[in-house]
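All remarks here apply to the structure that follows.
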């Protein structure tokens, strides 16, 4: 499998990264180089092998359903590029 | 005062306890050294006021603990409350966390003094420190008869350079595919990545969550052990944190290899392996044998698939983790004139991320996308299981594994412009990361060009003690005293 410029633009859109027309050919070449190399994994016989999502044995721990945090609006908003009336602010969203 | 910076962390601890010097004097000696070595670009932010305040509190007895007064550098991936934390990225330029990472909180609890935030590859993606948005870190080392600047390795390159150049007693690092071990080897220091789950990931900026582990980098194995005990520990805020006791590794260190079986994985002897690296490995085998270890040949058949597996799993996790940098809650925002919120996301991320980070996010996005998920991502997860199984089977025959840390000594800037060539530098470190195993690099010798070379020890899950003991045995046998 290899990617073309249309696929690269689609991946960039999915990843929410703006790419310029000038950047596309280089990305096509680099991504194909990397994808061509990782494709060697296809030759490994993995029949009956469970995919490993985590090296931790067992399942994730549960915690008590308790409020352990909160009431720190100032701290939460302190690094926001734009905040107003105690909220994060973004450009107008009108479809 | 310069002599103070030459002490090991353990010697500083003893000297402070015996009141041979004060914590303020020790901190100031390091701050002076940092000011005199800014050309290395090891620190993104220096925190002299914080360091002197912390040191003063040690001297007046109000701060105590096993690391009281020890001056440390902190990789810029760890959130330190009130100090800019950027992960080496433009997208986080100016971000000042209002919370403390669990690892740095542990070090502060134990009395450590923070000198500043250390430069690194952007979001820990790199093996040379060339991807930092804050400029490359320069290794304090130079090859014999050459004035060419060399890379310190990566991604913990600022940590490596600072420890090697005596700009801190020890430093925190993080290791996703070798980011502690490879830079440690390149600058002639020690560094250990503990078993996955030993050190909390909370407050450490995420790259690939199933692989990321924090660990110490320092000039001796004992120093690493002292820092490691402080950094590790159960943390309910990290869902993969191990709820088990943390040993006092420094107290347990013996360096004894009597009755230990050391495995030598056949697949690590690559075709065309650098003769110096092969010779150093043989020397390491001879040292451990002389210390009473039994040498066992073992096989890790899926080794050659570790790097391609890593370069699917890590970018996939990164593409998900880095989705949070959207210019809304923190970090920098770019809004094109008249643009809507979607334009803002895309422009913010295009401007904020560097080339390598974008490349990895896109690879990750692709391998997780509909139609390709099973062929790439699921297959990589299955091969990862086989790689972990290889290790489990090898450890039925041996107690630790001994390998080289990196396939070459430090290289020059720009020497690995092709991303694939750069990725291959992690060939010996990535497999243990995929299996979540403890692994360390110890300086073991110099190349013919006079540059440091490291040997890697990989241990069973939770057997940091075995790894550190073998590391100490190598350290004693090698008698590595070279310095930049």
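Here, each number is a calculation from the coordinates, and none is a lab measurement. Computed from a predicted model, the values in this text were never measured in an experiment. Because the Cβ atoms are built from the backbone with ideal geometry, glycine has one as well, and the counts that use them run over all protein chains shown.
In which sequence would A:37, B:287 go, from the one with the fewest C-beta neighbours within 10 Å to the one with the most?
Going from least to most buried by this count: A:37, B:287.
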Fill in the blank from the handout: In whole angstrom, the spacing between the Cα centers of segment B:101-132 and segment A:1-67 equals 27 Å
Exercise for the section: With springs only between Cα atoms under 10 Å apart, run a GNM on chain A and tell me which of A:64, A:84, A:15 wobbles the most. Expected result: A:84
Handout entry: Alpha carbon Rg of segment B:58-105, scaled by the compact-globule rule 2.2 N^0.38 Å
Key = 1.36
Practice task
Report the relative contact order of segment B:332-405, percent, no decimals, based on alpha-carbon pairs under 8 angstrom and at least 6 residues apart.
Solution key: 15 percent
Fill in the blank from the handout: So, for the Cα atoms of segment B:311-461, Rg and Dmax in Å stand at 19.9, 65
Handout entry: FRET efficiency, 1/(1 + (r/R0)^6) with R0 56 Å, evaluated for residue B:421 and residue A:61 via beta carbons
Key = 0.85
Exercise for the section: Please work out the Cα center distance from segment B:149-193 to segment B:1-74, rounded to the nearest Å. Expected result: 19 Å
Practice task
Over chain B, calculate the relative contact order: mean separation of alpha carbon pairs under 8 Å at least 6 apart, over the residue count, as a percent.
Solution key: 17 percent
Handout entry: Among A:60, A:77, A:14: highest mean-square fluctuation, GNM of chain A, C-alpha pairs under 10 Å
Key = A:77
Practice task
May I ask you to derive the FRET efficiency for residue B:476 and residue B:278 from their Cβ-Cβ distance with R0 = 22 Å, giving the value to the nearest 0.05?
Solution key: 0.45
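At 222 nm, what value in deg cm²/dmol follows for chain B if DSSP H runs of at least 4 each add -39500 (n - 2.57) and the sum is divided by all its residues, to the nearest 500?
When only DSSP H runs of four or more count, the value is -11000 deg cm²/dmol.
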Problem - Translational diffusion coefficient (Stokes-Einstein; Kirkwood radius from C-alpha pairs) of segment B:360-407 at 4 °C, 1.567 mPa s, in µm²/s - result: 99 µm²/s
Handout entry: Separation of the residue B:413 and residue A:14 label points, Cα + 7 Å toward Cβ, nm
Key = 3.6 nm
Fill in the blank from the handout: So, for the Cα atoms of the protein assembly as shown, Rg and Dmax in Å stand at 23.0, 74
Handout entry: Spin-label model distance (nm) - residue B:304 vs residue B:372, 7 Å beyond Cα toward Cβ
Key = 2.5 nm
Practice task
Using a Förster distance of 56 angstrom, determine the FRET efficiency expected from the C-beta separation of residue B:243 and residue A:5, and round it to 0.05.
Solution key: 0.65
Practice task
Could you work out the Rg to Rh ratio of chain B, with Rh taken as the Kirkwood radius (inverse of the mean 1/r over all Cα pairs)?
Solution key: 0.95
Problem - Residue order, fewest to most surrounding Cβ atoms within 10 angstrom, among B:59, A:21 - result: A:21, B:59
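May I ask you to work out the translational diffusion coefficient for chain A at 20 °C, viscosity 1.002 mPa s, via Stokes-Einstein with Rh from the Kirkwood sum over Cα pairs, reported in whole µm²/s?
Approximately 111 µm²/s, per Stokes-Einstein.
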Problem - C-alpha center-to-center spacing [segment B:426-465, segment B:378-415] in angstrom - result: 9 Å
Completion exercise
Quick calc: nm separation of the 7 Å Cα→Cβ label points for residue A:23 and residue B:98 -> 3.1 nm
Completion exercise
The computed P(r) of segment B:164-232 puts the percent of Cα pairs beyond 20 Å at 22 percent
